[in-house]
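Visitor: First the structure, which I've put down as structure tokens, then a few questions once you've had a look.
The values are calculated or read from the model by the stated rules, or taken from the named source; none is laboratory data. Treat the numbers as computed from the prediction; the structure is a model and nothing was measured. Positions of Cβ are backbone-derived with ideal geometry, glycine not excepted, and every protein chain shown enters the neighbour counts. Accessible surface is based on the protein model in full, side chains and every heavy atom, while ligands, DNA and RNA are left aside. Shrake-Rupley method; radii C 1.70, N 1.55, O 1.52, S 1.80 Å.
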Amino acid sequence: MFADIILPINLPRLLTYGVPLEMQATLKPGMRVEVSLGKNKVYSGVVDNIHQYKPDSYQVKPIKSIIDQVAVVTEQQLKFWRWIGDYYIASPGEVMQAALPAHLKLMAETRLQWIGENTREMVWSTWALAAIDNLILKKEITISELRAVVGVKHFAAVLNELLENEAVFINDSLESDYKPRKERLVVLAPQYLPEPALIALFDQLQRAPKQLALLMAYTEISVKKGFVKQVELMERTGTTAAQVKTLVEKGVFFIEEKEVDRIPMRLSNGEKEIVFTLAQTLAYADLTRAMQEKNVTLMHGVTGSGKTMLYVRKIKECVAAGGQALLLLPEIALTTHLTSRLLAYFGDELGVYHSHFSNNERVEIWEKVRKGIYKVVVGPRSALWLPFINPALIIVDEEHDSSYKQRDPAPRFHARDAAIYLASLFNAKVILGSATPSLESLYNVQQEKYAYASLKDRYQGVKMPAIQLVDARSLARVKKVGAQMITPELQLAIHEALMHRKQVILFQNRRGYSPFQLCTVCGWVPQCKNCAVSLTYHKSTDKLHCHYCGAKSAVMNTCPQCGSNCLSSKTFGTEKIEEEVQELFPKARVARMDVDSMRKKNSMAELLEQLGKNKIDILVGTQMVVKGLDFASVSLVGILSADSLLSFPDFRVNERAFQLMEQVSGRAGRADGEGKVLIQTFNLDHPVLKWVTDHDISTFYLNEIKYREYFGYPPFSRLIKVTFRHENEAKAIAAATQMAQSMNAFTATAQQSFVVQGPGPAIVPRVRNQFIQEIWLKCRRDFKSLESIKTFLRAEKQHLLSLKNHGGVQVIFDIDPV
């Protein structure tokens, strides 16, 4: 018997291992096994399949051990992994790395343990002595560490010397990083459980006040909770561990260690009732009809319409029928915001999964989903990897959001499309929800591939916000009095909102203080030494930051090119806006929401709580403020630079700009209909701004889809981006040029209908000291054509990297880039 094993490394295919006779009755697909690779590497891999075919091309090694008693990855998950790898051209190991929590991926390198206390007096070589010093200090080192200490030249000789003299023991076992959390519980000794014995014990401890306080507090806590944590008991009484130990030694208490969840139980019973408005009732009936017609339904509801309540009712129906439900959200911020609301409906059946949890916490959530304890899961795209038993409903909220696309590392999958495939494995239903659906989804509705349901009215009939375009040229007239980014019209609107005790959101899709500095004499701009981009000044650190590689450098006051001190900050980021707002409105409570200010684990939850309690008057933010935040007191939204949204070199620029502005506008006036949106722009006549002002998605779609079809862009074609990276620009260009020539030859001989564009430098042509070249392929949407191209690309990549002159070049495929 043989087994194909997925290893957590980037190998182009699965490796086959032999299954020892004693394991053959136990081993199942989805179990983790311990296998060796090479001379001194040990990995835990996942069994993909079991068969009888011995490979001819290499010597088969046996599986060393089975790690699990039951499979940690289900059969359906393995099918999902295979589809992700095949469709997005990712290796099985890359998929496994993305899918499994870190503590379920065990790997090890052979370690050498020092056991040579009796060999110190022996005569050792100079290099062996260096290794022994290291071993005595650390007690254990890896093979790689030994090689680094003694060098490649002396490595084999020193290793043999240590082994022959029995100075080291080889340990190549795998150890799990996952450790259950344990808590110390205080338990009353059985002889004191009867009431007379307990009363007598109280009398005995009258002369020991601290011990008496411990016993009294124990009695009170145990009556309320049924168990007593040692930490809680000590905090309640102000005592120490030594004083608790005294009672343990007297035989009054004993200590138990118990495994506990890292994810605490919630207090909500999850029985809150759902009450619909008339518009929601009609929309729910529309949604139910649509879901009966098709497996995938586009739920188009305007901002503030209450789509979430429709989701909740559908999830409740799903759970009542014995299924599990997954609610996907584009950002962790939304997960935090929505969880508190969903808790009232689902209680402890609700699980949350995202990257801000620790590795240990993620393992525990994984197990609760696998065991069916969590019936409802909320999370970003990573939640798709969880081991669902019976998912009957998957909801992709804000389905248009580009955050659903994984960019780096591989697999570069789109969570919306992957969710539809995952649902098909279980015959589950999918709801794609958005106020501004993607053109692809609207087109699929038009082609009758998806069903369609709509909710056109805001909750309780509240009016959509009034949108006003403001001429940004008026800023030039007020710069003399200090304002640089906020027009007089927007200043007045902010003042009025604050007068009425309302909240304000100001949107600018650039973080930092100043996106770049410029020498006004010679035009020099500070550039990152690793990347071909300008540096952004961050006032919080008083340094210039690169937003691509993370490098930081000191602020320059003198131009290194011409020597002048005429350095000027150009454009503005969220930090600078926050500063100006604070100057203009000194009594206002101002906060900022961007990547820089939200790095800590609980910073997002704390900020959202402050917003909900009206402890923040003005919130300045990037696109993080756009996505689904629902606060009743927000009456004004200011978009500070619409032109930057409409000027990006991408065929989706109009779609993205429309979605961003419509979504951020939807944060205003959600409770009372008194919302107002001011958009600052230099181009008042841009058609997208007219459609945003009118909330007119239909006209926008008809205009945009016409141009997409004319130029052959998605949804009328599929795109594949091939990226080449190397620290030597000439090598990156040479590899890209050779593959482009092969592609052109392939399309000519195989009569494949696809267009090759490139190679050419990326928009940012150098990142982290690697030069980047790109080729774009535009091909037909039919499955057969796409599969033949991907087969060609895989083979061509292997051929290209086998050539000596292309060594070290990274070749990266991105299917359906966004």
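Visitor: For segment 330-374, which whole percent of the accessible surface, found with a 1.4 angstrom probe, sits on carbon and sulfur atoms? Kindly include the intermediate steps, with their values, before the conclusion.
Guide: Values: 720 of 1440 Å².
Result for segment 330-374: 50 percent of the exposed heavy-atom area is carbon or sulfur.
Visitor: Here is a follow-up. Report Rg/Rh for segment 59-138, rounded to two decimals, where Rg is the Cα radius of gyration and Rh the Kirkwood radius. Provide the component values of the computation, followed by the final result.
Guide: On the way: Rg = 21.4 Å, Rh = 17.3 Å.
Computed over Cα atoms, the ratio is 1.24.
Visitor: Roll a 1.4 angstrom probe over the protein heavy atoms and tell me the percent of accessible area of segment 1-121 that is carbon or sulfur. Don't jump to the answer; show the numbers that get you there.
Guide: Working: 2950 of 5620 Å².
On segment 1-121, the fraction of accessible area on carbon and sulfur atoms equals 52 percent.
Visitor: Next up: With an 8 Å Cα cut-off and a minimum separation of 6 or more residues, compute the relative contact order for segment 541-700 in percent.
Guide: Details: 166 pairs, mean separation 26.2, N = 160.
Reported relative contact order: 16 percent.
Visitor: Hey, what's segment 304-399 come to in accessible area per residue, 1.4 Å probe, Å²?
Guide: Values: 2570 Å² over 96 residues.
Result: 27 Å² of accessible area for each residue.
Visitor: Using heavy-atom solvent-accessible surface (probe 1.4 Å) with all chains present, what is the largest-first order of S635, S644?
Guide: Details: S635 15, S644 50 Å².
Largest to smallest exposure gives the sequence S644, S635.
Visitor: Can you compute the equivalent ellipsoid semi-axes for segment 523-624, i.e. the square root of 5 times each eigenvalue of the Cα gyration tensor, sorted largest first and rounded to whole Å?
Guide: Working: eigenvalues 194, 59, 17 Å².
Value: 31, 17, 9 Å, ordered largest first.
Visitor: Would you work out the Kirkwood radius for segment 704-781? I mean one over the mean of 1/r across all pairs of different Cα atoms, in Å.
Guide: 13.5
Visitor: When Rg is the radius of gyration of the Cα atoms in the chain and Rh is its Kirkwood radius, what does Rg/Rh come to?
Guide: Values: Rg = 31.3 Å, Rh = 31.1 Å.
Expressed as Rg/Rh, it is 1.00.
Visitor: Counting each DSSP H run of 4 or more residues in the chain as -39500 (n - 2.57), what helix-only mean residue ellipticity at 222 nm follows after dividing by all residues, to the nearest 500 deg cm²/dmol? Don't jump to the answer; show the numbers that get you there.
Guide: Details: 25 runs with 293 residues, N = 818.
Taking each H run of at least 4 residues, the total per residue is -11000 deg cm²/dmol.
Visitor: Next question. With every atom except the alpha carbons ignored, what do you get for Rg and Dmax of segment 681-818, in angstroms?
Guide: 18.5, 59
Visitor: Ordering V319, V377 by accessible area with a probe of 1.4 Å, largest first, what comes out? Don't skip to the end; give the middle numbers.
Guide: Details: V319 30, V377 0 Å².
From most accessible down to least: V319, V377.
Visitor: Further question: Quick one: plug the Kirkwood hydrodynamic radius of segment 382-433 (C-alpha pairs) into Stokes-Einstein at 37 °C, 0.692 mPa s, and report D in µm²/s.
Guide: Working: Rh = 11.5 Å.
In µm²/s, the coefficient rounds to 285.
Visitor: Between segment 382-445 and segment 634-657, what is the C-alpha centre distance in whole Å?
Guide: Using only Cα atoms, the two centres lie 25 Å from each other.
Visitor: Give the dimensionless ratio obtained when the Cα radius of gyration of segment 270-359 is divided by 2.2 N^0.38 Å.
Guide: Details: Rg = 14.0 Å, N = 90, 2.2 N^0.38 = 12.2 Å.
Segment 270-359 yields a ratio of 1.15.
Visitor: Round to a whole angstrom and tell me the spacing of the C-alpha centers of segment 201-259 and segment 724-780.
Guide: Centre-to-centre (Cα) distance: 71 Å.
Visitor: Just the number, please: Stokes-Einstein D of segment 382-497 in µm²/s, Kirkwood Rh from C-alpha pairs, 10 °C, 1.306 mPa s. Display every interim value, and only then the final one.
Guide: Numbers: Rh = 18.5 Å.
For these conditions, the coefficient is 86 µm²/s.
Visitor: Considering all alpha-carbon pairs of segment 1-135, what whole percent are spaced by more than 25 angstrom?
Guide: Numbers: 3350 of 9045 pairs.
In whole percent, the long-distance tail amounts to 37.
Visitor: Please give the per residue accessible area of segment 677-818, computed with a probe of 1.4 Å over protein heavy atoms only, in Å². It would help to have the intermediate numbers written out before the result.
Guide: Numbers: 6970 Å² over 142 residues.
That works out to 49 Å² for each residue.
Visitor: Further question: Which order do M556, M604 take by accessible area at a 1.4 Å probe, largest first? Can you show the working numbers first?
Guide: Working: M556 70, M604 15 Å².
The ordering from most to least exposed comes out as M556, M604.
Visitor: Leaving ligands, DNA and RNA out of it, work out the accessible area of W385 with a 1.4 Å probe and give it in Å² to the nearest 10.
Guide: Counting only protein heavy atoms, W385 exposes about 10 Å² to solvent.
Visitor: Using protein chains only and a probe of 1.4 angstrom, how many square angstrom of R780 are accessible, to the nearest 10?
Guide: Spelled out: R780, probe radius 1.4 Å, area about 110 Å².
Visitor: If ligands, DNA and RNA are left out, what is the accessible area of R82 with a 1.4 Å probe, given in Å² to the nearest 10?
Guide: Using a 1.4 Å probe on the heavy atoms, I get roughly 100 Å².
Visitor: In whole Hz, what ³J(HN,Hα) sequence does segment 525-537 give by Karplus (6.51, -1.76, 1.60; θ = phi - 60°), x for Gly and Pro?
Guide: For segment 525-537, the Karplus-derived couplings read 10, x, 10, 5, 6, 9, 10, 8, 9, 6, 8, 9, 7 Hz, x marking Gly and Pro.
Visitor: Restricting the count to DSSP beta bridges whose residues both fall in the chain, what percent are antiparallel, rounded to a multiple of 5? Don't jump to the answer; show the numbers that get you there.
Guide: On the way: 72 of 123 bridges.
So the antiparallel bridges in the chain amount to around 60 percent.
Visitor: Whole angstrom only: what separates the Cα centroid of segment 71-100 from the Cα centroid of segment 308-332?
Guide: When both Cα centres are located, 24 Å separates them.
Visitor: Hey, another quick one. How big is the equivalent ellipsoid of segment 416-555 along its three axes, where each semi-axis is √(5λ) from the Cα gyration tensor, reported in whole Å from largest to smallest?
Guide: Values: eigenvalues 336, 168, 42 Å².
Here the semi-axes work out to 41, 29, 14 Å.
Visitor: Give me the Debye-computed log₁₀ of I(q)/I(0) at q = 0.09, 0.12, 0.15, 0.21 Å⁻¹ for segment 187-320, equal point scatterers on Cα only, no solvent, two decimals.
Guide: Each listed q corresponds, in turn, to -0.54, -0.62, -0.77, -1.25.
Visitor: List the GluC sites (Glu not before Pro) within segment 392-481 that fall in a DSSP loop (any state other than H, G, I, E or B) and whose Cβ has at most 12 other Cβ atoms within 10 Å. Intermediate results must be reported in sequence, preceding the final value.
Guide: Numbers: sites: E398, E399, E440, E448; in loops: E398, E399, E448.
Loop-located and lightly packed - E448.
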